[in-house]
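The values are calculated or read from the model by the stated rules, or taken from the named source; none is laboratory data. If you're wondering where the values come from, they're calculated on a predicted model, not measured in any experiment. Here the Cβ positions follow ideal geometry from the backbone for every residue, glycine too, while neighbour counts run over all protein chains shown. To get the accessible areas, we keep the full protein, side chains included, count just its heavy atoms, and leave off ligands, DNA and RNA. Shrake-Rupley method; radii C 1.70, N 1.55, O 1.52, S 1.80 Å.
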Amino acid sequence: MIKGRSLIEPDNFNLEETDDLFVLAEKIETDGQYLRESCRGKLLATLFFEPSTRTRLSFEAAMLRLGGSCLGFADPGSSSAAKGESLADTVRMAASYADAIVMRSPKEGAALLASHYSPVPVINAGDGGHHHPTQTLTDLLTIRRLRGDIKNLTVGFCGDLKFGRTVHSLAKALARYEKISLIFVSPEELVIPEYIAHYLQKNNVEFRETRSLEEAMPQLDVLYMTRVQRERFFNEEDYIRLKDTYVLNKERMTLGKNNLVVLHPLPRVNEIAVEVDSDPRAAYFKQAKYGMYVRMALLASILGE
Ligand code: CP
């Protein structure tokens with residue numbers, strides 16, 4: 001049972017609890033009326049200290065579709081954080097108005113801190129370059145829907161693996177599934193953090209690193225492309241030098257398997273050419289839609305009757 005619980009890191013829910021969310025999300029997808037009133041009378045606070053399109057809007061859409069309501073801010077400049085209010089005080093306030101809090105922050109560990117001050121569940125919608133567990137639920141549900149199961153897969157992560165919080169969360173989550181092999185494709189400066197590599201080693205997950213997308217491409221069942229995270233760089237020159245290291249285009253897609261699934265948490269910048277969008281293996285827009293279904297399942301399970 002996940003009722004009343006917070007979600008801060010991808011492994012806060014066990015495999016069975018995560019699987020239950022996917023089953024629920026699939027029911028919601030096929031039956032538009034399912035759980036429609038389960039959050040009637042409940043309020044969700046969305047506190048976004050960083051920009052977002054998908055996460056905030058899909059959470060709000062999810063809550064509204066479940067019969068609940070939302071309040072919050074999309075720009076910290078319009079909140080009292082701009083006057084110097086601490087995160088702890090902001091969270092205490094939001095918790096006294098709402099039944100759950102969804103929060104995004106540029107600071108690693110902010111959602112965990114918030115959960116210590118909040119008497120209502122806190123959902124981490126991204127904390128700096130650390131984790132993004134509801135994107136992981138979205139990614140896993142998409143893999144499950146498009147590949148039938150989450151096992152016996154070689155998954156490639158390409159791009160900014162240092163700062164990409166969606167990569168950290170998904171790699172950690174995949175470690176719990178059977179026969180998963182990971183290939184990390186990045187420039188030297190943007191390799192996967194050591195703490196993730198250690199976690200994978202400790203959990204006996206097969207993985208390797210390469211600089212070449214072309215070399216990795218033929219082996220992949222799932223390719224997870226990522227944007228170079230401009231907002232996390234200390235200087236613009238490094239960003240400009242690294243931002244277009246990997247661009248997935250039609251030519252590179254010819255190296256992939258026929259049943260390859262191409263994912264991207266979005267937003268994309270240049271790393272997937274628009275010409276790839278019409279390839280049936282490009283699943284990133286479908287993935288964003290699954291995000292709403294799985295967030296509906298999450299809110300109904302945490303808050304619903
Ligand atoms: N995938 C994701 O987190 O997108 P947003 O930044 O638009 O929320």
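GNM, the chain, Cα, under 10 Å: largest mean-square fluctuation among Arg144, Arg241, Arg295?
Most flexible of the set in this elastic network: Arg241.
Give the relative contact order (percent, whole number) for segment 101-240; include only Cα pairs under 8 Å separated by 6+ residues.
23 percent
For segment 5-33 and segment 47-69, compute the distance between their C-alpha centroids and round to whole Å.
Between the Cα centres of segment 5-33 and segment 47-69 lies a distance of 17 Å.
Describe numerically, in nm with one decimal, the distance between label points set 7 Å from Cα along Cα→Cβ at Tyr239 and at Ala88.
Calculated label separation equals 3.2 nm.
Post the alpha-carbon centroid distance, segment 186-206 to segment 153-171, in whole angstrom.
Result: 10 Å between the Cα centres.
³J(HN,Hα) across segment 131-146 via Karplus (A = 6.51, B = -1.76, C = 1.60, θ = phi - 60°), whole Hz, x for Gly/Pro?
So the Karplus estimates, Gly and Pro as x, are 9, 8, x, 7, 5, 5, 4, 4, 5, 5, 4, 5, 4, 4, 5, 8 Hz.
Quick check for me: using +1 on Lys/Arg Cβ and -1 on Asp/Glu Cβ, what's the dipole size of the chain about its Cα centre, in debye to the nearest 20?
520 debye
Working with all protein chains in place, sort Tyr239, Tyr97, Tyr34 by solvent-accessible area computed with a 1.4 Å probe, largest first.
Ranked from most to least accessible, the order is Tyr97, Tyr34, Tyr239.
Once R0 is set to 41 Å, what does the formula 1/(1 + (r/R0)^6) return for the Cβ-Cβ distance between Glu275 and Asn14, expressed as a FRET efficiency to the nearest 0.05?
0.50
First obtain the Kirkwood hydrodynamic radius of the chain from its Cα pairs, then insert it into the Stokes-Einstein equation at 37 °C and 0.692 mPa s, and state the resulting D in µm² per second as a whole number.
It diffuses with D of about 167 µm²/s by this estimate.
According to a simple spin-label model (label point 7 Å from Cα along Cα-to-Cβ), what is the distance in nm between Thr210 and Arg40?
5.5 nm
So if I place +1 on the C-beta of Lys and Arg and -1 on the C-beta of Asp and Glu, and nothing else carries charge, what would the dipole magnitude of segment 133-288 be about its Cα centre? I want it in debye, nearest 20.
So the magnitude is around 660 debye.
Taking only Cα atoms of segment 22-67, what ratio of Rg to Rh do you get with Rh as the Kirkwood inverse-distance radius?
Taking Rg over the Kirkwood Rh, I get 1.02.
Round to the nearest 10 and report in Å² the accessible area of Val120, as given by a 1.4 Å probe over the protein chains' heavy atoms.
30 Å²
Can you give the charge dipole size of segment 82-224 about its Cα centre, rounded to the nearest 20 debye, using +1 on the beta carbon of Lys and Arg and -1 on the beta carbon of Asp and Glu?
380 debye
Of Ile192, Ile240, Ile123, which has the largest mean-square fluctuation in a 10 Å C-alpha GNM of the chain?
Judging by the Gaussian network model, the answer is Ile240.
If you take every residue apart from Gln229 with its C-beta less than 15 Å away from the C-beta of Gln229, what net charge results, scoring Lys and Arg +1 and Asp and Glu -1?
Neighbourhood net charge equals 0.
Given labels modelled 7 Å from the Cα in the Cβ direction, how far is it in nm from Thr254 to Arg232?
In this crude label model, Thr254 to Arg232 measures out at 3.4 nm.
Which whole-number percent gives the relative contact order of the chain, counting Cα pairs below 8 Å spaced six or more residues apart?
Over the chain, the number comes to 21 percent.
Check which residues have an amide H placed less than 5 Å from Val261's amide H, if you skip close sequence neighbours.
Those qualifying (amide H under 5 Å, at least 5 residues apart or on another chain) are Val222, Leu223.
What GluC sites (Glu not before Pro) in segment 102-202 are in a loop by DSSP, with at most 12 other Cβ atoms within 10 Å of the Cβ?
Of the GluC sites (Glu not before Pro), the ones in loops of segment 102-202 whose Cβ has at most 12 other Cβ atoms within 10 Å are Glu178.
Taking R0 as 25 Å, what FRET efficiency do you get between His198 and Tyr117 from their Cβ-Cβ distance, rounded to the nearest 0.05?
Using R0 = 25 Å, I get an efficiency of 0.25.
Show me the trypsin sites (Lys or Arg not before Pro) within segment 37-67 that DSSP assigns to loop and that have at most 14 other Cβ atoms within 10 Å of their Cβ.
Arg40
Of Gly128, Gly84, Gly159, which is the most mobile in a GNM of the chain whose springs link Cα atoms less than 10 angstrom apart?
Gly84
I'd like the per residue volume of the convex hull spanned by the Cα atoms of segment 151-305, given in cubic angstrom.
133 Å³
Per 10 Å bin, what percent of the C-alpha pairs of segment 116-234 does each bin hold, from zero upward?
Percent of Cα pairs in each bin: 13, 45, 33, 8, 1.
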